[in-house]
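> Pasting in a structure now, in structure tokens, and then I'll have a few things to ask.
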Amino acid sequence: MPQKTEKLGRVLITGGTGFIGSNLVRNLTASGSAARIAVLDNEVLGNRSVLDGYDVEFIHGDIRDETTVRDAVKRSDTIVHLAADTRVMDSIENPAFNYENNVLGSVNLLLAMREFGVARLVNASTGGAILGEVPPPVHEDMVPRPLSPYGAAKLAVEGYCSAFAASYGLKIVSLRFSNVYGPLSFHKGSVVAAFLRNIMAGKPVTIYGDGSQIRDYVYVNDLCNGIVAALNSGVDGIYQLGTGIPTTLNELVVKMRDVTGHNNPFEVIYEDSRKGEIKDTYCNIDKARDAFGFNPDTSLPEGLTNTWNWFLDQRS
Ligand SMILES: NC(=O)c1ccc[n+]([C@@H]2O[C@H](COP(=O)([O-])OP(=O)(O)OC[C@H]3O[C@@H](n4cnc5c(N)ncnc54)[C@H](O)[C@@H]3O)[C@@H](O)[C@H]2O)c1
């Protein structure tokens, strides 16, 4: 039984009904490291039903709405900012919306933190989309060159976080997540969720490109442990969170064949690669390991098995 420390005080999670947020609620509840958990989400992608059975205050609201944000922030000690328009392809279709939602919404949050003296924030950022096409492993000292409006918005928010930390004494850490997968991801368009959904429905899976593209797949509970460890250690600045292990899409498919049934013969369709998606990325996680003991130790087969079992449970 973990010790109940409640060290983080009252934790506000924006986007807390989404994939990572709902996993973080479970993680914080199990570790007892929050005195109280509140979730602020407009439910465009998530849904409050994922919080059923958890002791959480749910606030239906939008991070672009100043009044809602001020009211939620002033009753918090620690904020984990996950709310975002998270789809790279949607950001290419509608960059204005992505800017308004992700940049203006985040600045709203920072303004409220400044106003009410709420100092501690984890900002969910991204490695690949910010850095663009650079030789992996990616690390925190690389020069960013985003390829999509989503990446540009995440970079802008990192900039505002840095500025608010320096100008107003806020304690902010931007964590650059690699490709996160795991339970509670049914609504996600990301590759593991999309493939498992199709496999479950007996449909083919589609790979854009030849399948040699490299990604770094990190299991969601390892990532949540990283978020909590970063908060507990009091670090600020920028950290990459992933596994440091490169996996090609074709290798992922082989692992999925194992996990979803003995050499499951689901069909794979190859189509042209899409604009805005980087070819190869995985990250160097030494900085996070050294600073707050980040230790993602769930193997890909183990994490995929947990995820697949969760998907199967949804069917019943
Ligand atoms: N999942 C990944 O692989 C990954 C990788 C890198 C970075 N990230 C970042 O981590 C964060 C969480 O990602 P996720 O995978 O849980 O995404 P998600 O899409 O599952 O969750 C995002 C949540 O934010 C909410 N939301 C969106 N706009 C909002 C607004 N204006 N006001 C209030 N709520 C709003 C949505 O309803 C949803 O519940 C995001 O900031 C994302 O960019 C995720």
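> Here is a list: Asn23, Asn101, Asn27. Which entry is in a helix (DSSP H, G or I), more than 18 Å from Leu170 (Cβ to Cβ) and out of contact with any helix residue (DSSP H, G or I) (no Cβ under 6 Å at 6 or more places or on another chain)? Write out each step before concluding.
Numbers: Asn23 fails: out of contact with any helix residue (DSSP H, G or I) (no Cβ under 6 Å at 6 or more places or on another chain); Asn27 fails: out of contact with any helix residue (DSSP H, G or I) (no Cβ under 6 Å at 6 or more places or on another chain).
Only one candidate passes the filter, namely Asn101.
> Could you list, in sequence order, all residues of segment 280-294 that are touching a helix residue (DSSP H, G or I) at 6+ places or on another chain (Cβ under 7 Å) and either β-branched (Val, Ile, Thr) or open to solvent by 60 Å² or more (accessible area, probe 1.4 Å) (or both)?
Thr281
> Quick check on segment 17-32. Is at least one of its residues more than 17 Å from Asn221 (Cβ to Cβ) and either more than 10 Å from the ligand (Cβ to nearest atom) or surrounded by fewer than 16 Cβ atoms within 10 Å (Cβ to Cβ) (or both)?
First, pick out the residues of segment 17-32 that are more than 17 Å from Asn221 (Cβ to Cβ): 17.
Subset that is either more than 10 Å from the ligand (Cβ to nearest atom) or surrounded by fewer than 16 Cβ atoms within 10 Å (Cβ to Cβ) (or both): none.
Checked against the condition, which is being more than 17 Å from Asn221 (Cβ to Cβ) and either more than 10 Å from the ligand (Cβ to nearest atom) or surrounded by fewer than 16 Cβ atoms within 10 Å (Cβ to Cβ) (or both), segment 17-32 yields no hits at all.
> Now for a separate question. Among the helices (runs of 4 or more DSSP H) lying completely within segment 238-316, list those that include at least 3 residues that are among the β-branched types (Val, Ile, Thr). Walk me through how you get there before you give the answer.
Details: elements: 249-259, 286-292, 300-315.
Of the helices (runs of 4 or more DSSP H) lying wholly inside segment 238-316, those with at least 3 residues that are among the β-branched types (Val, Ile, Thr) span 249-259.
> Hey, another quick one. Please list, ordered by residue number, the helices (runs of 4 or more DSSP H) wholly in segment 104-202 having 1 or more residues that are open to solvent by 30 Å² or more (accessible area, probe 1.4 Å) and either within 12 Å of the ligand (Cβ to nearest atom) or closer than 21 Å to Asp85 by Cβ (or both).
Working: elements: 105-116, 128-131, 149-168, 191-200.
Filter on segment 104-202 gives 105-116, 149-168, 191-200.
> Give segment 162-190 a look and list any residue that's touching a strand residue (DSSP E or B) at 6+ places or on another chain (Cβ under 7 Å) and within 18 Å of Leu45 (Cβ to Cβ), or say none.
Step one: list which residues in segment 162-190 are touching a strand residue (DSSP E or B) at 6+ places or on another chain (Cβ under 7 Å), which gives 164-165, 170-182, 190.
Hits for segment 162-190 are Phe177, Asn179, Val180, Tyr181, Gly182, Ser190.
> What residue, among those in segment 250-307 that are farther than 30 Å from Gly237 by Cα and among the polar types (S, T, N, Q), is modelled with the lowest pLDDT?
Top of the filtered list is Asn263.
Quick grid of which residues meet (1) assigned to a loop (DSSP other than H, G, I, E, B); (2) open to solvent by 20 Å² or more (accessible area, probe 1.4 Å):
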{"residue": "Ile37", "(1), (2)": "no, no"}
{"residue": "Gly53", "(1), (2)": "yes, yes"}
{"residue": "Glu57", "(1), (2)": "no, yes"}
{"residue": "Ile63", "(1), (2)": "yes, no"}
{"residue": "Ala72", "(1), (2)": "no, no"}
{"residue": "Ser76", "(1), (2)": "yes, no"}
{"residue": "Ile79", "(1), (2)": "no, no"}
{"residue": "Thr86", "(1), (2)": "yes, yes"}
{"residue": "Ile92", "(1), (2)": "no, yes"}
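> Identify, from the list Glu271, Glu277, the residue that is in contact with a Ser or Thr (Cβ under 7 Å, 6 or more places away or on another chain), open to solvent by 60 Å² or more (accessible area, probe 1.4 Å) and closer than 30 Å to Glu93 by Cα.
Values: Glu277 fails: in contact with a Ser or Thr (Cβ under 7 Å, 6 or more places away or on another chain).
Just one listed residue meets the conditions, Glu271.
> Right, here's the next one. Output the residues belonging to segment 37-69 that are more than 8 Å from the ligand (Cβ to nearest atom) and either among the hydroxyl-bearing types (Ser, Thr, Tyr) or at pLDDT below 95 (or both).
Across segment 37-69, the qualifying residues are Ser49, Tyr54, Thr67, Thr68.
The values are calculated or read from the model by the stated rules, or taken from the named source; none is laboratory data. This one's a predicted model, so the numbers in the text were calculated from it and none came from an experiment. Please note: Cβ atoms are built from the backbone with ideal geometry, for glycine as well, and neighbour counts cover all protein chains shown. Accessible surface areas use protein heavy atoms only, side chains included; no ligands, DNA or RNA. Shrake-Rupley method; radii C 1.70, N 1.55, O 1.52, S 1.80 Å.
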